[in-house]
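Below you'll find the structure, written out as structure tokens, and then a few comments.
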Amino acid sequence: MPTKSTRNIALRLGAVAVGMFGFGFALVPLYDVMCKVLGISRETIVTQSQLDPDAAQADMSRTVTMQFLANKNDGMAWEFRPSQFEMDVNPGAMNNTTFYVRNPAHRAMIAQAVPSVSPPEAAPFLHKTECFCFRQQTLAGGEALDMPLQFVVDQALPKKIRTITLSYTLFDVTTMAAAPDQRVGFRN
């Protein structure tokens, strides 16, 4: 027959296991809250806009400042930066810019860029019609590239939003791309 201290230990361990299980379910809403607080938008991860660029009419009476940031995940050796850090755009007008990338390694590498928009409420109004983030990028050792980004800020963007920051984080996915059955979280 188990002693009182053995039963107490078993009850505590059971409570810890139930608590860990509950915490696992709470992580998704906690992640969403953290994304909102930090200005990270999961809505723009890798979606291509179906916006018709010829149908868009530019609102020349209004400008929005677009800011561009480039980040690298830990261990990513590539150089990565926007060709311009800021530009003023008119809602409804098609805009083009590039991001410079260079692989300083002596071997080919594959990268995936993951975008984020701040403030989060601007994300549904930023339409990327062409973006290097839509697919993985392969660069040979020493190769450099200007990667294109084409976008439109929707005219329906709330007038209180005057600045949008589009940030990309570049990840090394060379190992995952070599084993396609193990790839998680990236879409081509």
Expressed in nm to one decimal, what extension gain is obtained for the pair I161 and K4 from 0.36 nm per residue of sequence separation less their Cα-Cα distance?
50.3 nm
What does the charge count around R62 come to, taking other residues whose C-beta lies under 15 Å from its C-beta (Lys +1, Arg +1, Asp -1, Glu -1)?
0
Quick one: which of 160-171, 126-137, 7-18 comes out on top by average Cβ neighbours within 10 Å, and what's the full order, highest first?
126-137, 160-171, 7-18
Taking placed amide H atoms and a strict 5 Å upper bound, the residues 5 or more places from L69 or on another chain that come that close are L166, S167, Y168
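Any read-out appearing in this document is the output of simple, stated calculations on the displayed coordinates, not a laboratory observation. Fair warning: this is a prediction, and the values are worked out from it, not measured in the lab. All Cβ positions, even for glycine, are placed from backbone atoms using ideal geometry, and neighbour counts span all protein chains on display.
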